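The values are calculated or read from the model by the stated rules, or taken from the named source; none is laboratory data. A quick note: this is a predicted structure, and the numbers were derived from the prediction, not measured. FYI the Cβ positions are ideal-geometry reconstructions off the backbone, even for glycines, and counts take in every protein chain you see. These accessible areas exclude ligands, DNA and RNA; they are computed on the full protein's heavy atoms, side chains included. Shrake-Rupley method; radii C 1.70, N 1.55, O 1.52, S 1.80 Å.
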Amino acid sequence: MADNPSSCVDFSEFGLSTSMLSALARAEYSQPTPVQAGVIPKALEGADLLGQARTGTGKTAAFAIPILEQVTAGRRGGPQALILVPTRELAVQVRDEISKLAHGKKARVLAVYGGKPIRGQTEKLKRGTEIVVGTPGRVLDHMGRGSLQMDGLNIVVLDEADRMLDIGFRPDIEKILRRCPKERQTLLFSATVPGPVERLARRYMRDAESMNFSPKELAGDT
């Protein structure tokens, strides 16, 4: 695994749009964290990435920024990016973070998860959204009902992949990934990279580059 690059860089070095730079300034993001410095430039090039990073390292912005730079606001068809997360709390957190960074860009982001009436989510999907954040079970539910179209997807993110597999979401994740367009970018983030996560990456990602942002002593399967 490649180690994290030094973080003495600035967001302006990534060639980001002016609207993104002003959204970052507005959110008081002054300097990229090591995860952001490592992931953003490569993700913007369209590479598949497997990032080993814990919560609290700034990884949400590391995938949110490239997604927001690549989606086209107001485009017809289904969502252009799908982010799978293990829990409804994380779905809400990721949605809020993306909404904050989408300031000034008309990109819409919707969280779909269980425990909430499906009808309201279906209505919002019908009206159109560029980015969907969801738990695997509810995403599959929407796919089954035809309310979530996958053919316009360009980017798929698996966030906290090890936790999703621990909860038993692997069959759901595989079903979802098999229905996504072959020509897509896949980003996978996991605090640890045990065998099942590695196998998932090998099966559903193209020449994924591994990047390790964990402290040295935590790099193993803890």
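When the residues of segment 41-52 are narrowed to those that are free of Cβ contacts under 8 Å to residues at least 60 places away in the same chain and not in a loop (DSSP other than H, G, I, E, B), which ends up surrounded by the fewest Cβ atoms within 10 Å (Cβ to Cβ)? The qualifying residue surrounded by the fewest Cβ atoms within 10 Å (Cβ to Cβ) is Leu44.
The rows are residues; the columns are (1) assigned to a helix (DSSP H, G or I); (2) in contact (Cβ under 8 Å) with a residue 12 or more places away in the chain; (3) aromatic (Phe, Trp, Tyr).
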site: Met20; (1), (2), (3): yes, yes, no
site: Leu24; (1), (2), (3): yes, yes, no
site: Val35; (1), (2), (3): yes, yes, no
site: Val39; (1), (2), (3): yes, yes, no
site: Gly56; (1), (2), (3): no, no, no
site: Ala62; (1), (2), (3): yes, yes, no
site: Pro79; (1), (2), (3): no, yes, no
site: Glu89; (1), (2), (3): yes, no, no
site: Arg95; (1), (2), (3): yes, yes, no
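Scan segment 7-32 for residues that are open to solvent by less than 40 Å² (accessible area, probe 1.4 Å) and not small (Gly, Ala, Ser) and the total you get is 7. Within segment 77-104, the set of residues being in contact with a Gly (Cβ under 9 Å, 6 or more places away or on another chain) and farther than 21 Å from Thr186 by Cα comprises just one member, Arg88. Looking at the structure I just gave you, is Pro5 modelled with pLDDT under 95 and not in a helix (DSSP H, G or I)? In short, yes. Scanning segment 62-98 for residues that are open to solvent by less than 10 Å² (accessible area, probe 1.4 Å), small (Gly, Ala, Ser) and out of contact with any helix residue (DSSP H, G or I) (no Cβ under 7 Å at 6 or more places or on another chain) yields one hit, Ala91.
Filtered by the rule that a residue be among the aliphatic types (A, V, I, L, M), over 17 Å from Leu50 (Cβ atoms) and under 17 Å from the mean Cα position of the chain (by Cα), segment 164-220 gives a lone residue, Ile176.
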